[in-house]
Amino acid sequence: MISNRKFNFRPMRDDDLDSVLIIDHLSFSIPWPKSAYLHDLQKNQNAILWVAEDVSESPNRKVIAMIDVWMILKDAHIATLAVHPDYRGQGIASNLLELLLLEVYRRGATRVMLEVRESNLKAQSIYREFGFEVVHRRRRYYRDNQEDALLMNLEDLESEIKTNQRYKTLLANQRSKAISGN
Ligand SMILES: CC(C)(COP(=O)(O)OP(=O)(O)OC[C@H]1O[C@@H](n2cnc3c(N)ncnc32)[C@H](O)[C@@H]1OP(=O)(O)O)[C@@H](O)C(=O)NCCC(=O)NCCS
């Protein structure tokens, strides 16, 4: 694991795609094709894509994680989330989730949904910490090993944001950044 690094979180750009595809291939047994990311980046107005980058050796920045969320009316759907294996276990996925859940809330989402492999206990544990609960099982959903998908929903995004301490800290930090102009 690469630790003691500085991270920055920002919207994804076209020139992040090569790094994003590497992370995708290292993270999923059914990776997304480049065309899927390109579509979401350039054509899908309802897609919100962010990356995390390691800025410890600035100006050399390295993209190390990504998230893609689709807004469909008042529902937000987490389409993908992955962290480079060298950078896992340092809260990067949690940071990306916090930022994106706040962003979709600001854009009017009231509910958030996702699918996760039944065997992916780590991801399920993160989602539970964010208030998601299993609402349904899709049998044999994944075509590589016929594994079931669990559908997890965060039914009341507003109350989660208003009650979960993590957002209070994030909002306070964002406010103080806005005031100091950084
Ligand atoms: C799932 C994934 C995104 C997590 O990224 P990450 O940056 O390592 O996650 P975080 O460091 O933010 O972990 C947050 C929480 O996850 C849980 N967690 C972390 N590692 C865990 C492990 N090995 N086992 C169980 N839970 C674990 C803990 O609850 C942790 O909270 P803590 O900070 O109190 O310990 C990453 O492992 C990954 O990219 N996996 C492959 C792709 C994937 O599965 N994506 C999700 C698809 S639905």
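Working note: 222 nm ellipticity from helices only, DSSP H runs with n ≥ 4, each -39,500 (n - 2.57), summed and divided by the residues of the chain, gives -11000 deg cm²/dmol to the nearest 500.
Multiplying the residue separation of ASP86 and ILE2 by 0.36 nm and subtracting their alpha-carbon distance yields 29.7 nm. The mean sequence separation of alpha-carbon pairs under 8 Å and at least six residues apart, normalised by the residue count of the chain, gives a relative contact order of 17 percent. Stretching PHE28 away from GLN146 to a fully extended chain increases their span by 41.0 nm, per 0.36 nm per residue minus the current alpha-carbon distance. Extending 7 Å from Cα along the Cβ direction at ARG138 and again at SER58 yields two label points whose distance is 4.0 nm.
Of interest is the spacing of the C-alpha centroids, which for the stretch 4-33 and the stretch 116-176 amounts to 20 Å. For LYS122, a cut-off of 29 angstrom between C-alpha atoms picks up these lysines, skipping any fewer than 8 places away in its own chain: LYS6, LYS34, LYS62, LYS74, LYS162, LYS168. Straightening the chain between ILE72 and ARG111 buys 13.0 nm, computed as 0.36 nm per residue apart minus the Cα-Cα spacing. Pop the C-beta distance of GLU158 and SER180 into the FRET formula with R0 = 22 Å and round what comes out to the nearest 0.05. The pair GLU158/SER180 has a calculated efficiency of 0.20. Restricting the stretch 94-182 to trypsin sites (Lys or Arg not before Pro) that sit in a DSSP loop and have at most 13 other Cβ atoms within 10 Å of their own Cβ leaves ARG107, ARG139, ARG140, ARG143. Once both labels are positioned 7 Å from their Cα atoms along Cα-to-Cβ, the gap between ALA172 and ARG10 label points is 2.7 nm.
Rule-based calculations on the coordinates, nothing more; no lab input. These figures come from a predicted structure and were not determined experimentally. Note that we place each Cβ from the backbone using ideal geometry, even for glycine, and neighbour counts take in every protein chain shown.
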